[in-house]
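The values are calculated or read from the model by the stated rules, or taken from the named source; none is laboratory data. Since the model is a prediction, treat every value here as computed from it, not as a measurement. Cβ coordinates were reconstructed from backbone atoms using ideal geometry, including for glycine residues, and neighbour counts include every protein chain displayed. Side chains included, ligands, DNA and RNA excluded: accessible areas come from the protein's heavy atoms. Shrake-Rupley method; radii C 1.70, N 1.55, O 1.52, S 1.80 Å.
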Amino acid sequence: VLSAYALTGDLAAARTAVEHAFVAARHHWGKVRRLQDPEEWVRPRAWGMAQRRHVARLWHREKGISAEQKAVLDALHHLPDQQRKVLLLARLAALSTADLGRELGEAPARVEDRLTAATESFCRETGAPQDGVRAAIESLAQIAEAAALPGSPVIHRGGRRRRMLHAVGGTAVLLALTLLG
């Protein structure tokens with residue numbers, strides 16, 4: 001939730017997106033559980049959903065945030081999307097340059113350039129030192145923790161429901177095509 005919130009600045013969109021990404025992971029659990037790091041499967045889906053949900057609103061901030069948290073959100077907001085993603089993956093997920101490139105579909109040299117530019121811009125806007133970027137972003141954790149996700153039984157039921165709906169929908173399409181044929 002923290003990384004999706006830092007990406008969009010919209011806590012409601014981040015929470016809903018993460019919940020739906022976990023439901024989708026439950027739906028595809030046979031594939032997801034075999035991955036070395038299942039978070040690599042969930043994170044891109046959550047980010048994509050959060051960005052789609054967030055598009056309809058302006059950069060949104062929760063009420064009652066501190067000046068430091070507001071400055072962090074503003075600095076992140078002013079970064080281009082790809083630079084913001086690189087910065088969040090490098091600082092919050094602590095991924096290597098090769099892993100960053102694989103997740104974002106870019107060459108490691110391009111990732112390094114984006115990370116350098118993002119870090120410099122973030123530090124310039126917030127006044128944080130380069131080794132304090134992670135701590136500055138993690139200052140948003142208090143806000144993100146307030147957006148409690150549903151428990152695992154709810155996620156489990158949602159994944160089963162989604163799997164059943166897909167099976168019923170697929171069966172209906174197959175039946176319709178058979179009748180038309």
Ordered by residue, what ³J(HN,Hα) values in Hz, to whole numbers, does the stretch 92-100 give under the Karplus form 6.51 cos²θ - 1.76 cosθ + 1.60, where θ = phi - 60° and Gly and Pro are x?
8, 8, 6, 7, 6, 4, 5, 5, 4
Probe 1.4 Å, all protein chains in place: accessible area of residue 19 in Å², nearest 10?
40 Å²
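Place a +1 charge on the Cβ of each Lys and Arg in the stretch 14-134 and a -1 charge on the Cβ of each Asp and Glu, then give the dipole magnitude about the Cα centre in debye, rounded to the nearest 20.
Details: 21 positive and 16 negative charges, 133 e Å.
Here the size comes out at about 640 debye.
Counting only protein heavy atoms, what percent of the accessible surface of the stretch 51-144 is carbon or sulfur at a 1.4 Å probe?
Numbers: 2540 of 5080 Å².
On the stretch 51-144, the fraction of accessible area on carbon and sulfur atoms equals 50 percent.
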Let me see the P(r) profile for the chain: every Cα-Cα distance counted, bins of 5 Å, each bin given as a percent of all pairs.
1, 8, 14, 17, 18, 14, 10, 7, 4, 3, 2, 1, 0, 0
Mind checking the per residue accessible area of the chain for me, 1.4 Å probe, whole number of Å²?
56 Å²
Could you sort 73-79, 10-16, 130-136 so that the peptide with the highest average Cβ count within 10 Å comes first and the rest follow in order?
10-16, 73-79, 130-136
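Can you classify the stretch 109-181 as rounded, prolate or oblate using the Cα gyration tensor, where a ≥ b ≥ c are the square roots of its eigenvalues, rounded means a/c under 1.5, and otherwise it's prolate if a/b beats b/c and oblate if not?
Numbers: a/c = 5.96, a/b = 2.18, b/c = 2.74.
Note, shape of the stretch 109-181 comes out oblate.
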What is the distance, in nm, between label points placed 7 Å from the Cα along the Cα-to-Cβ direction at residue 156 and at residue 93?
2.7 nm
I'd like the projected area of the stretch 1-48, averaged over all directions, using the convex hull of its alpha carbons. Report it in nm² with one decimal.
2.9 nm²
